[in-house]
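Have a look at the structure below before the remarks.
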Amino acid sequence: MGLRVSHYFEWERFITGGQAQSVRNQRTAMDDHDIAYTTHPDRSADILHLNNMGPRSVYHARRAGDAPVVVHTHQTAADFENSFAFSNALARPMRPYLEYAYSLADLLICPSEHNRDVVEAYTDVPTRVISNGFDPAKLSGHDDPALRTRYLDRYNLEPPVVFTVGHVLERKGLSTFVETARRMPETEFVWFGYLNPTGGPLGELLQSSEAAQTVESAPDNCTFTGYIEDIAGAYAAGDVFYFPSHNENEGMALLEAMSCGRPPVVRSIPTYEWLVDGETCRKADSPAGFESALRALLNDEADRKRIGDNARRKSQEFTLERVGNQLVDVYRALAEGTSAEAVADASTTH
């Protein structure tokens, strides 16, 4: 009998963004490797893989029996802060809750070295770094001039365009993004993504009043598009990817932008120690620093291309095919009886 995985994503209907895309990537990898899986908790499966440690996931982790329990560490208390209404109040109890929930795993899969450093302070469960990765197929057409023209015209943009992709959250650097746009009135700034944490009516309730006010008061050269169907259009329209996020476990949109050859300007935080300032990105940590980095790239097309090309090459370490192979290897090793400690010691993405 072949390998079978119980691949459960609690609250799947309500969660969007990078975590949801990571789960889709994992399932695509299993499809590509002909691994059978169910999206429901199932104690008869060879592996129980949990992607969101809500109460039902905790319940099933405690009752997994002989099946190895794999947990993706998408959440930490730190990245819970400044995400939605009441998130700061919930961040304090989130830490002890996650410490307990993650301790129920046999193996924790962390999307980055930084995430692993944080999670290893929560529990002594073995950890393995595997990037969330990105799916190149999702970005098909990003280099099509017609698609670029269509999206520039749709939002009345004059290139070069500074842009970002993701939910509009303060944690993602919303205030810094808007302040930088205010400092550079001659430049178009565009934020592609949901204007609330989850999309839909529930997301409207969860959006913080501070974030809503920041969006409302943004200058005329700062556009918030809301959700768009074809994400490749965002990468087609944009020229410099601006990601002033304060805290990230990895940042899937960054990987996508890099794969499209868009030079990134990122906040200098531990998550991005693997990126080299001046080679694969530009780094800063203040509105003035971001303004300087962005102006340098916007005024030097050759340097923009150089860093963009370097970023594209670096991104190939994070393709869905590569990280999918690593995930499947973990499943097979655990199902064959390899210890979680041995699996954790295997090579990692970054």
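A few points about this structure:
- With respect to the conditions (1) modelled with pLDDT of 95 or more; (2) closer than 18 Å to residue 78 by Cβ; (3) of a type outside the set (D, E, K, R), residue 251 lacks only one, and its number is (1).
- Any hit, segment 98-112, residues being polar (S, T, N, Q) and either assigned to a helix (DSSP H, G or I) or at pLDDT below 95 (or both): yes
- Residues that are surrounded by fewer than 18 Cβ atoms within 10 Å (Cβ to Cβ) and either within 18 Å of the chain's Cα centre (by Cα) or in a strand (DSSP E or B) (or both), drawn from segment 29-38: 36, 38
- Restricting 289, 261 to those that are free of Cβ contacts under 8 Å to residues at least 12 places away in the same chain and under 25 Å from residue 158 (Cα atoms) reduces the list to 289.
- Positions within segment 96-122 being more than 24 Å from residue 323 (Cα to Cα) and crowded, with 22+ Cβ neighbours inside 10 Å, in sequence order: 101
- Being at pLDDT 95 or above, in contact with a Pro (Cβ under 8 Å, 6 or more places away or on another chain) and assigned to a loop (DSSP other than H, G, I, E, B) is a condition met by at least one residue of segment 131-146.
- Number of residues in segment 190-209 that are at pLDDT 90 or above and either more than 23 Å from the chain's Cα centre (by Cα) or assigned to a loop (DSSP other than H, G, I, E, B) (or both): the value is 0.
- Test result for residue 175, without any contact (Cβ under 8 Å) to a residue 40 or more places away in the chain and outside any strand (DSSP E or B): yes
- Options 331, 272; residue that is touching a Leu at 6+ places or on another chain (Cβ under 9 Å), closer than 20 Å to residue 32 by Cβ and modelled with pLDDT of 95 or more: 331
- Test: residue in segment 142-159 that is of a type in the set (Lys, Arg), under 26 Å from residue 275 (Cβ atoms) and outside the structural domain of residue 29 (by TED's automatic domain parsing): yes
- Any chance residue 59 is more than 30 Å from residue 246 (Cα to Cα), of a type outside the set (Val, Ile, Thr), in the same structural domain as residue 328 (by TED's automatic domain parsing) and at pLDDT 95 or above: yes
The values are calculated or read from the model by the stated rules, or taken from the named source; none is laboratory data. Only a predicted model underlies this, so the values are computations on that prediction, with no experimental measurement involved. Glycine also receives a Cβ, built like all others from the backbone with ideal geometry; neighbour counts cover every protein chain displayed.
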